[in-house]
Each structure stands twice: as C-alpha cells, then as structure tokens.
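Everything on this sheet refers to the single structure shown next.
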Amino acid sequence: MPNKFKQPDLSSLAKLTSPIWIVTSAVGDRRGGLVATMVVSASIVETAPRLLIGLAKRHATEQLVSRSLAFAAHLITADQADLLARFGTTSSRDTDKFSGLECRTGVTGMPILEDVLAWFECRVEQTMDTGDRTVYLGAVVAAGTNSNPNDRPMTTVDIPHQLPTEVLTLMKTQRAADAIVDAKSIADWRRSLR
Ligand SMILES: Cc1cc2nc3c(=O)[nH]c(=O)nc-3n(C[C@H](O)[C@H](O)[C@H](O)COP(=O)(O)O)c2cc1C
C-alpha cells in the first residue's frame, strides 16, 4: 500500500518572529530558569492578565513550575545576549544560572531578574499535558517594566546577530537533540490516549 503521508511544508513557521522570554521558577532554595519562545499573552482583560507558557517536561525549570505552580516570565532587551546564552544552553540542574545576576524574590516566591525589560509573575491556574511539554496558564499577580524609550524586546530575529558562532552551533545541536526526544514523547503520549 502506498504511503499517503506527505510531509507538510513548514517553511512559513520558520519565518515567524517570536519574542525571547526567560522563565524562572523556584522550590525552596532550588531555583532555575530557561529561555522560552512558547509564551503568549492569554487575556485581553486588564483586570485579569494571563500568560500561557509551554515547557518541555525534561527541563529543570518545568519540574520547578510543576511543583511550585508559579513562575516569572521576563522580556529581555535586544542586546542581552549574555542572558540568552546563560539561560538557553545549560541546565539549572548543573549550574546556578542566577550567579552574579541581580535578583529578588517576588510575591509568589519566584526569582525575579532585576536587569530586564519587563517581568510578569504568575500563579498557575491550569495545566495541560501535551506529551513533550506541559502548557501552563498563569494568572499575572505582579508585573513591572524597566524600559527606557530606546529599548526593544529581543526576538528570534536578533539571535544570529547577537551570539558568537560557537554558541549558535551549540543551540542548533541542542534543538536537534531535543526534537528527537520530543518526537518520542509525543508518539508515546498519543499511543497512551488510544
Ligand atoms: C531560542 C530558544 C527558545 C526556546 N524555547 C523554549 C520553550 O519555549 N520551551 C522550552 O521548554 N524550552 C525552550 N528552549 C530550551 C531551553 O531554554 C533550554 O533547553 C534550557 O537550557 C533548559 O534549561 P533548564 O533545564 O535549566 O530548565 C528554548 C531555547 C532557545 C535557545
């Protein structure tokens, strides 16, 4: 029987621009954080702001969010490549990503980075297991902005211009490895639903 599956053309997705976020969380004195693009504003109600985030279950930060049911999401400026490399290429299990950074504890106990464009502290209201990731709906309980008029948020368009080649190569390699693990997690999850 011929294989009817036709690989969809995903090239338009690769052209989408996304803001770069840093999501942090903590349980007791264990804290972690990662770079995330899967973060979106999920409410138009000014009195009920919400963010939706998607975190891979194997990441240390996801495990902290699943236990604390809280997180902080930070927007960084276009030139904060040091934060991008720090939070996006290593695991919080192996290193204290906050070392040397100005940081304080927010109302939910989450670590808030001081030197960022803006931050949003959230309490989780709902979770959704999607196999490879957990999607969290967070109610924004505190937020702040440090921007000056010239600042703009870093987006995916900035990444190739801001990082040295060796860090870019590391990110690409990690993404490819992550995609293999994610593919298996999604397939296992789909089988479990049958
Ligand atoms: C540009 C970029 C976007 C990323 N977006 C996400 C994301 O939306 N969700 C996620 O779970 N990981 C994402 N990652 C991967 C994590 O940031 C990365 O694996 C991190 O080192 C995990 O850290 P942790 O184990 O300390 O949590 C992204 C990485 C990069 C470089």
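Exactly one residue out of I44, I53, I22 is on the phi < 0 side of the Ramachandran plot, at pLDDT 95 or above and away from the ligand (no atom under 16 Å from the Cβ), and it is I44. Apart from one condition, V65 fits all of (1) more than 14 Å from C122 (Cβ to Cβ); (2) touching a strand residue (DSSP E or B) at 6+ places or on another chain (Cβ under 9 Å); (3) within 13 Å of the ligand (Cβ to nearest atom); the exception is (1).
For the range 110-171, list the strands (runs of 3 or more DSSP E) that sit wholly inside it and hold at least 3 residues that are more than 17 Å from the chain's Cα centre (by Cα); which are they? It would help to see each step written out before you state the result.
Values: elements: 111-113, 118-129, 133-145.
Correct list: 133-145.
Out of all the residues in the range 3-17, is one or more among the basic types (K, R), more than 22 Å from D151 (Cα to Cα) and surrounded by 17 or more Cβ atoms within 10 Å (Cβ to Cβ)? No - not one qualifying residue is present in the range 3-17. Screening the candidates L137, L84, L113 for the property of being aliphatic (A, V, I, L, M), in contact with a strand residue (DSSP E or B) (Cβ under 9 Å, 6 or more places away or on another chain), within 16 Å of the ligand (Cβ to nearest atom) and more than 28 Å from K15 (Cβ to Cβ) yields one hit, L113. How many of the residues in the range 63-82 are part of a helix (DSSP H, G or I) and either touching a Cys at 6+ places or on another chain (Cβ under 7 Å) or surrounded by fewer than 22 Cβ atoms within 10 Å (Cβ to Cβ) (or both)? Number of matching residues: 6. Here L163 fulfils each of the conditions (1) touching a residue at least 24 places away in the same chain (Cβ under 8 Å); (2) closer than 21 Å to D132 by Cα apart from (2). Criterion applied to D178, D96, D132 was being within 14 Å of the ligand (Cβ to nearest atom), in contact with a Lys or Arg (Cβ under 9 Å, 6 or more places away or on another chain) and within 19 Å of V40 (Cα to Cα), and the one residue passing it is D132.
Would you be able to tell me the number of residues in the range 26-37 that are in a strand (DSSP E or B) and more than 9 Å from the ligand (Cβ to nearest atom)?
Of the residues in that region, 4 qualify.
Selection within the range 1-19: residues that are within 16 Å of the ligand (Cβ to nearest atom) and assigned to a loop (DSSP other than H, G, I, E, B). The member of this set that is farthest from D115 (Cα to Cα) is K15. Would you mind stating whether A73 is near the ligand (Cβ under 10 Å from one of its atoms), within 12 Å of the chain's Cα centre (by Cα) and either closer than 27 Å to D151 by Cβ or small (G, A, S) (or both)? Against the criterion (near the ligand (Cβ under 10 Å from one of its atoms), within 12 Å of the chain's Cα centre (by Cα) and either closer than 27 Å to D151 by Cβ or small (G, A, S) (or both)), A73 does not qualify.
The values are calculated or read from the model by the stated rules, or taken from the named source; none is laboratory data. Only a predicted model underlies this, so the values are computations on that prediction, with no experimental measurement involved. Heads up, the Cβs are rebuilt from the backbone with ideal geometry, glycines too, and the neighbour counts pull from every protein chain shown.
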